[in-house]
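What follows is a short report on a single structure.
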Amino acid sequence: QKFMTELVLEAVSNYDLDGIQFDDHTSLPKTFGYDRYTLNLYRQETKREAPANPDNPDWVRWRANKITAFMTNLNKAVKQRKPNLIFSVSPNYYEFAYKQQLQDWLGWVRQGIVNELIVQVYRNDLEDFRAQISRPEIAEVKNKISTGIGILSGLRNNNIPMSQIYSQVIATQERSLGISFFYYKSLWGYGPESVSDRQRDLQYLFRNPAPRFAIRN
């Protein structure tokens, strides 16, 4: 935690940044926490032994709260250096993030320590994609902070056709959500269509400018 905090503050202090984004890695797999230090800390704070089952609700909550405490302190340190810097997080959908990665991003938003949320929804099936971006926690968050959806635009070994990207962008725009692509190079380089065709379709999708949601302090 100390190393990550110092690294972030070095970047914030030495570079003219508009914001800093934390991927889904401000988390830990649910099977983590069985090291000696963490077990002793849990015993000290709760007067109980840590459950052998990593899915135990109290055990999940206790570990998630530790990550939340770190993110709260990190946000405070960043805002002391640059109060208007965008503190952004790009996690997985909430149920997975919390239960599998101990990442309570909904709690972070409710506590006011996140200025922007980009939820990774990397799905091929359109109905599954629509279901994920229509979840109640997405609706709640978008009324508080700038909220977008991460759309998979392709990987080196997984070409995504423009028709899939197009339909997911439309579904996202219909819900008044922002859009982020993973990742830039695959927008042009890893698709079945020509670069010019993909650029033309994207220009049409974003033909009207959309201002960034104002940060609410």
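Scanning the stretch 133-148 for residues that are out of contact with any strand residue (DSSP E or B) (no Cβ under 6 Å at 6 or more places or on another chain) and farther than 19 Å from Gly107 by Cβ gives a single hit, Ser134.
Here the stretch 131-149 is the region considered, the condition is being touching a residue at least 60 places away in the same chain (Cβ under 8 Å) and among the hydroxyl-bearing types (Ser, Thr, Tyr), and the residue that is surrounded by the most Cβ atoms within 10 Å (Cβ to Cβ) is Thr147. Selection of the stretch 1-44 for residues being free of Cβ contacts under 8 Å to residues at least 24 places away in the same chain, part of a loop (DSSP other than H, G, I, E, B) and over 21 Å from the mean Cα position of the chain (by Cα) yields Tyr15, Asp16, Tyr34, Asp35. Pick from the stretch 45-94 the residues that are among the basic types (Lys, Arg) and touching a residue at least 40 places away in the same chain (Cβ under 8 Å): which of them is farthest from Tyr122 (Cα to Cα)? Only one residue fits best here, namely Arg81.
The numbered conditions (1) over 24 Å from Arg63 (Cβ atoms); (2) touching a residue at least 40 places away in the same chain (Cβ under 8 Å); (3) basic (Lys, Arg) are all true for Arg156 except (2). Scanning the stretch 95-106 for residues that are in contact (Cβ under 8 Å) with a residue 24 or more places away in the chain, in a helix (DSSP H, G or I) and under 17 Å from Gln21 (Cα atoms) returns Ala97, Leu106. Close contacts from the stretch 182-209, counting a first residue that is more than 14 Å from Ser163 (Cβ to Cβ) and among the polar types (S, T, N, Q) and a second that is buried (at least 16 other Cβ atoms within 10 Å of the Cβ) and at pLDDT below 90, with Cβ to Cβ under 7 Å and a gap of 6+ residues or different chains, come to Gln199/Trp188.
The set of residues from the stretch 187-200 being surrounded by fewer than 15 Cβ atoms within 10 Å (Cβ to Cβ) and within 25 Å of Glu174 (Cα to Cα) comprises Asp197, Gln199, Arg200.
Looking only at residues of the stretch 107-125 that are aliphatic (A, V, I, L, M) and part of a strand (DSSP E or B), we find that the one that is surrounded by the fewest Cβ atoms within 10 Å (Cβ to Cβ) is Ile118. Could you go through the stretch 76-88 and let me know if any residue there is in a helix (DSSP H, G or I) and either over 20 Å from Met4 (Cα atoms) or touching a Cys at 6+ places or on another chain (Cβ under 8 Å) (or both). Within the stretch 76-88 (the criterion being in a helix (DSSP H, G or I) and either over 20 Å from Met4 (Cα atoms) or touching a Cys at 6+ places or on another chain (Cβ under 8 Å) (or both)), the answer is no, since none of the residues qualifies.
Please work out if Ser27 is among the small types (Gly, Ala, Ser) and within 28 Å of Leu152 (Cβ to Cβ).
Answer is yes for this residue.
Among the residues of the stretch 20-46, those identified as surrounded by 12 or more Cβ atoms within 10 Å (Cβ to Cβ) and either among the β-branched types (Val, Ile, Thr) or in contact with an Asp or Glu (Cβ under 6 Å, 6 or more places away or on another chain) (or both) are Ile20, Thr26, Thr38, Thr46. Residue count for the stretch 158-210 satisfying the condition of being part of a loop (DSSP other than H, G, I, E, B) and closer than 25 Å to Glu127 by Cα: 12.
On the basis of being surrounded by fewer than 16 Cβ atoms within 10 Å (Cβ to Cβ), acidic (Asp, Glu), at pLDDT 95 or above and under 28 Å from Pro54 (Cα atoms), does Asp128 make the cut? Considered against the rule, which asks whether it is surrounded by fewer than 16 Cβ atoms within 10 Å (Cβ to Cβ), acidic (Asp, Glu), at pLDDT 95 or above and under 28 Å from Pro54 (Cα atoms), Asp128 comes out as yes.
The values are calculated or read from the model by the stated rules, or taken from the named source; none is laboratory data. Since we're looking at a predicted model, the values are computed, not measured. Cβ coordinates were reconstructed from backbone atoms using ideal geometry, including for glycine residues, and neighbour counts include every protein chain displayed.
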